[in-house]
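Asks: Have a look at the structure that comes next, please.
No value in this document is a laboratory result; all are computed from the given coordinates. In this text the structure is predicted, and so the values were computed from the model without any measurement. We place every Cβ from the backbone using ideal geometry, glycine too, and count neighbours over all the protein chains shown.
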Amino acid sequence: MNRSERDASWELPDGDAVAPPATREVRSEEGIEGVPAISRRSLLAGSVGLTLGSLAVSQEASAQNAGGTVRVAEHGARHANRVGSLSQRLYSLPSVVADDVAHDPSVVPPSIARQEAEIVRVDLETVEKEARLDERASFRFWTFNGTVPGPLVRVRVGDTVEVFLKNREDSWLMHNVDFHAATGPGGGAELTSCAPGEAKAFRFKALNPGLYVYHCAVPPVAMHVANGMYGMILVEPEGGLPPVDREFYVMQGEIYTTEPFGSEGLLNEDYDKLLNERPEYFVLNGHVSALTDHYPMKANVGETVRIFFGNGGPNHVSSFHVIGEIFDRVYLNGSVTKPPQTDVQTVVVPAGGSAIVELKLEVPGRYVLVDHSLSRVERGLAGWLDVEGEEAPDIFEPIAS
Ligand SMILES: [Cu+2]
């Protein structure tokens with residue numbers, strides 16, 4: 001049984017055909033229900049928690065900034081005057097009180113059992129908010145529904161998807177949404193372009209099954225994406241995907257800050273680094289340690305897990321890999337209409353692209369999700385898949401010396 005099917009909070013009342021799980025994630029201003037409590041707890045978590053020496057690097061970066069406790073906190077002023085003078089600056093405390101945008105990877109809508117197409121309503125609210133970037137720094141994220149990535153939308157091929165987009169009143173900028181799953185100009189971007197406080201809607205018919213990215217497409221598009229405005233929609237094929245024990249939702253992204261990786265305080269987005277495609281941070285699900293300290297994925301020996309993996313980018317191709325495991329099945333590029341590839345070590349996922357991977361778990365322990373362009377681990381990108389259960393010495397064991 002799918003994990004999400006066991007989660008009563010996702011059960012829809014009979015006949016509630018037009019209220020998909022995505023719409024249920026919108027209600028709280030904090031994003032998904034239950035996130036705030038976890039967020040507060042996560043603020044107490046200390047380390048980056050990566051396995052490949054990143055802590056040493058970030059400590060070094062922090063030392064380099066030891067004298068730099070003064071941080072520019074007036075983010076809005078920078079858009080008009082990107083340099084600013086000291087007198088314009090505000091003092092910002094380290095971000096231990098910051099909000100959190102990380103999307104819980106285990107929050108996945110249930111698989112679709114129905115045989116006929118329906119109308120599915122998707123409510124998206126664009127929310128800009130300062131939130132945790134790592135244990136020392138915060139960043140002004142731009143989000144769908146307060147999380148990075150935005151909610152995973154799940155529909156069936158042939159469904160009509162009605163997208164209602166609202167740009168919150170306290171936004172500073174216009175936003176919209178381009179659905180890669182839509183057939184039509186801009187994927188709906190022009191039809192949904194909203195100034196702060198505005199709301200617009202459009203509908204599209206999901207003609208092609210697969211796993212598709214959506215993102216904001218207001219210029220400069222790369223900036224809207226880098227700041228967190230991406231998510232995915234799964235268009236299930238007729239008959240659905242084969243059942244698995246657990247499903248997870250993971251997206252890679254890049255964050256471009258003026259300050260070097262590991263700096264303290266409220267960090268500033270950097271347009272020059274964005275144009276030069278030189279991010280300071282690479283992250284899974286929004287921020288450093290979102291999928292390690294904060295939301296490690298959990299499963300049991302004997303289970304098969306499926307990861308819906310997307311790359312928001314905006315610029316860099318991902319070489320998605322799970323250290324210590326082999327993907328038993330890969331739906332390359334999120335294409336579900338051909339049989340999956342089998343027995344794959346690393347999957348190339350383009351910016352604005354996706355893959356669906358499935359792993360049967362035989363040996364307990366911690367498996368680390370990475371981009372095998374491994375320098376990115378030193379810039380924040382890692383996730384944990386913690387597997388509990390019986391040891392399997394016939395598959396993996398030490399040799400006594
Ligand atoms: Cu935007």
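Asks: Shape verdict for region 246-388, please, from the Cα gyration tensor: rounded (a/c under 1.5), prolate (a/b greater than b/c) or oblate.
Replies: Details: a/c = 2.61, a/b = 1.56, b/c = 1.67.
It comes out oblate by the Cα gyration axes.
Asks: Taking all pairs of distinct Cα atoms, average 1/r, flip it, and tell me the Kirkwood hydrodynamic radius of region 167-248 in Å to one decimal place.
Replies: Numbers: mean 1/r = 0.0712 Å⁻¹.
After inverting the pairwise mean of 1/r, the radius is 14.0 Å.
Asks: Also, I was wondering about something else. Compute the Cα gyration tensor for region 205-295, then decide on rounded, prolate or oblate, letting a ≥ b ≥ c be the square roots of its eigenvalues: rounded whenever a/c is under 1.5, prolate when a/b is larger than b/c in the other cases, and oblate in all that remain. Each step should come with its number before you reach the end.
Replies: On the way: a/c = 3.87, a/b = 1.68, b/c = 2.31.
Here region 205-295 falls in the oblate category.
Asks: Provide the packing ranking of 272-285, 171-184, i.e. peptides ordered by the mean count of other C-beta atoms within 10 Å per residue, highest first.
Replies: Values: 272-285: 19.5, 171-184: 21.1.
Ranked from most to least packed, the peptides come out as 171-184, 272-285.
Asks: Report ³J(HN,Hα) in whole Hz for each residue of region 300-308, in order, from the Karplus equation J = 6.51 cos²θ - 1.76 cosθ + 1.60 where θ = phi - 60°; Gly and Pro get x.
Replies: 10, 4, x, 8, 10, 10, 10, 10, 7
Asks: Here's something else I'd like to know. What's the FRET efficiency of Gln341 with Trp172 using the Cβ-Cβ distance as r and R₀ = 45 Å, to the nearest 0.05? It would help to have the intermediate numbers written out before the result.
Replies: Numbers: r = 44 Å, r/R0 = 0.97.
For Gln341 and Trp172, the calculated efficiency is 0.55.
Asks: On a straight-distance basis, which lysines could pair with Lys273 in a cross-link, Cα separation under 24 angstrom, same-chain partners fewer than 8 positions away excluded?
Replies: Correct list for Lys273: Lys129.
Asks: Once amide H atoms are placed 1.01 Å from N in the peptide plane, what residues at a sequence separation of 5 or more from Gly353, or on another chain, have their amide H within under 5 Å of its amide H?
Replies: Asn311
Asks: Take the alpha carbon atoms of region 379-401, find their center, do the same for region 192-251, and report the distance between the two centers in whole angstrom.
Replies: 34 Å
Asks: Let me ask another. Between Glu397 and Ser319, what's the calculated FRET efficiency when r is the beta-carbon distance and R0 is 35 Å? Round to 0.05. Don't skip to the answer; put the middle values down first.
Replies: Numbers: r = 29 Å, r/R0 = 0.83.
For Glu397 and Ser319, the calculated efficiency is 0.75.
Asks: Using 0.36 nm per residue of separation minus the Cα-Cα distance, give me the extension gain between Glu118 and His372 in nm, one decimal. Each step should come with its number before you reach the end.
Replies: Details: separation 254, 0.36 × 254 = 91.44 nm, distance 3.99 nm.
Length gained between Glu118 and His372: 87.4 nm.
Asks: Further, regarding this structure: By average Cβ neighbour count within 10 Å, what is the ranking of 104-111, 335-342, 124-131 from highest down?
Replies: Values: 104-111: 21.9, 335-342: 13.4, 124-131: 23.4.
In decreasing order of mean packing, 104-111, 335-342, 124-131 become 124-131, 104-111, 335-342.
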